[in-house]
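J.: Following this message is one structure expressed as structure tokens.
The values are calculated or read from the model by the stated rules, or taken from the named source; none is laboratory data. None of the values given here were measured: they were computed from a predicted structure. Every residue, glycine as well, gets a Cβ built from its backbone with ideal geometry; the counts of neighbours run over all protein chains shown.
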Ligand SMILES: C[S@@+](CC[C@H](N)C(=O)[O-])C[C@H]1O[C@@H](n2cnc3c(N)ncnc32)[C@H](O)[C@@H]1O
């Protein structure tokens, strides 16, 4: 595949010297191929029974396959999972590696991966369906709206896996462990619900510790700035996401904070 992409690029460069129009055409073909791929993933998501989406932030209506409006707030366990098991969220789930791995390891809990990017989520949702993981589902929305989709005490835990660190100070409130987000999570968490942050980013790690020390009701249970330098304290930490694998490959240290907010 890599060789294929390389030869197409080389071909484009070669043509672009004397044949500008052909070069433009080749670029268009490559970009249409990419878009088609994305579009077909979106089409898949719209037909998947384990995916819920919200398209319009101004009208936070969830839609499930095949395009049916549904009210899930307070009803996830009974209505989607058909049980009364605990619900654990993975925020910024990307391709959903944690959601899938946890659902496979802990059949007595329900897991919901949340992200805004459908083309990434497609991977986790497809794998969950292929493996028959009835305790895994996905919610495509902006996390800013997450409190609109879960009822009081409906959620028993949250994993936040390698979220964007938003390093500029002016963007601090976009960090998924900022007060703005913690307040939203508080509205639907059960007392004693654990929140887990895994990150490679030292700024986000320190920011989270600092935020928690000033956030009413927050309690830090465990924190470590280099979890793989010693035997893992919790087995669930061994699962690796796409971004984690990339960070490890370039020698970054993986950090973890386990906390609760009551
Ligand atoms: C760095 S990626 C990490 C993905 C995955 N957890 C991993 O480790 O491979 C961050 C993810 O957060 C998602 N994201 C960032 N801000 C978001 C928001 N406000 N609402 C929903 N998703 C968001 C992005 O779409 C992206 O998939």
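To keep it simple, each residue is scored yes or no on (1) surrounded by fewer than 24 Cβ atoms within 10 Å (Cβ to Cβ); (2) under 22 Å from residue 178 (Cβ atoms); (3) touching a helix residue (DSSP H, G or I) at 6+ places or on another chain (Cβ under 8 Å).
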residue: 78; (1), (2), (3): yes, no, no
residue: 83; (1), (2), (3): yes, no, yes
residue: 96; (1), (2), (3): no, no, yes
residue: 107; (1), (2), (3): yes, no, no
residue: 111; (1), (2), (3): no, no, yes
residue: 118; (1), (2), (3): yes, no, yes
residue: 121; (1), (2), (3): no, no, yes
residue: 127; (1), (2), (3): yes, no, yes
residue: 146; (1), (2), (3): yes, yes, yes
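J.: Something else: Give the residues of segment 120-144 that are within 8 Å of the ligand (Cβ to nearest atom) and over 19 Å from residue 155 (Cβ atoms), sorted by residue number.
T.: Selection gives 120 alone.
J.: Given the criterion in contact (Cβ under 8 Å) with a residue 12 or more places away in the chain, assigned by TED's automatic domain parsing to the domain that holds residue 90, surrounded by 12 or more Cβ atoms within 10 Å (Cβ to Cβ) and more than 16 Å from the ligand (Cβ to nearest atom), identify the matching residue among 228, 222, 243.
T.: 222 is the lone residue from the list that is in contact (Cβ under 8 Å) with a residue 12 or more places away in the chain, assigned by TED's automatic domain parsing to the domain that holds residue 90, surrounded by 12 or more Cβ atoms within 10 Å (Cβ to Cβ) and more than 16 Å from the ligand (Cβ to nearest atom).
J.: Does residue 161 count as surrounded by fewer than 22 Cβ atoms within 10 Å (Cβ to Cβ), in contact (Cβ under 8 Å) with a residue 60 or more places away in the chain and within 12 Å of the ligand (Cβ to nearest atom)?
T.: Answer is no for this residue.
J.: OK, next. In segment 129-144, what count of residues is obtained for those that are out of contact with any helix residue (DSSP H, G or I) (no Cβ under 8 Å at 6 or more places or on another chain), surrounded by fewer than 17 Cβ atoms within 10 Å (Cβ to Cβ) and not in a helix (DSSP H, G or I)?
T.: 2
J.: Within segment 199-222, which residues are part of a strand (DSSP E or B) and touching a helix residue (DSSP H, G or I) at 6+ places or on another chain (Cβ under 7 Å)?
T.: 199, 218, 220
J.: Go over the candidates 176, 194 one by one and state the one that is in contact with a strand residue (DSSP E or B) (Cβ under 8 Å, 6 or more places away or on another chain) and either outside any loop (DSSP other than H, G, I, E, B) or more than 16 Å from the ligand (Cβ to nearest atom) (or both). Spell out the reasoning first.
T.: On the way: 176 fails: either outside any loop (DSSP other than H, G, I, E, B) or more than 16 Å from the ligand (Cβ to nearest atom) (or both).
Every option except 194 fails the conditions.
J.: Determine, yes or no, whether residue 60 is within 23 Å of residue 130 (Cβ to Cβ) and either at pLDDT below 95 or outside the structural domain of residue 177 (by TED's automatic domain parsing) (or both).
T.: Criteria not met by residue 60.
J.: Taking strands (runs of 3 or more DSSP E) that fall entirely within segment 48-119, which contain at least 2 residues that are away from the ligand (no atom under 16 Å from the Cβ)?
T.: On the way: elements: 51-53, 62-64, 68-70, 86-91, 109-115.
Hits in segment 48-119: 62-64, 68-70, 86-91, 109-115.
J.: Taking residue 153, is it in a loop (DSSP other than H, G, I, E, B), surrounded by fewer than 18 Cβ atoms within 10 Å (Cβ to Cβ) and touching a residue at least 24 places away in the same chain (Cβ under 8 Å)? Even if it seems obvious, please write down each step before you answer.
T.: Values: in a loop (DSSP other than H, G, I, E, B): yes; surrounded by fewer than 18 Cβ atoms within 10 Å (Cβ to Cβ): yes; touching a residue at least 24 places away in the same chain (Cβ under 8 Å): yes.
So residue 153 passes the test.
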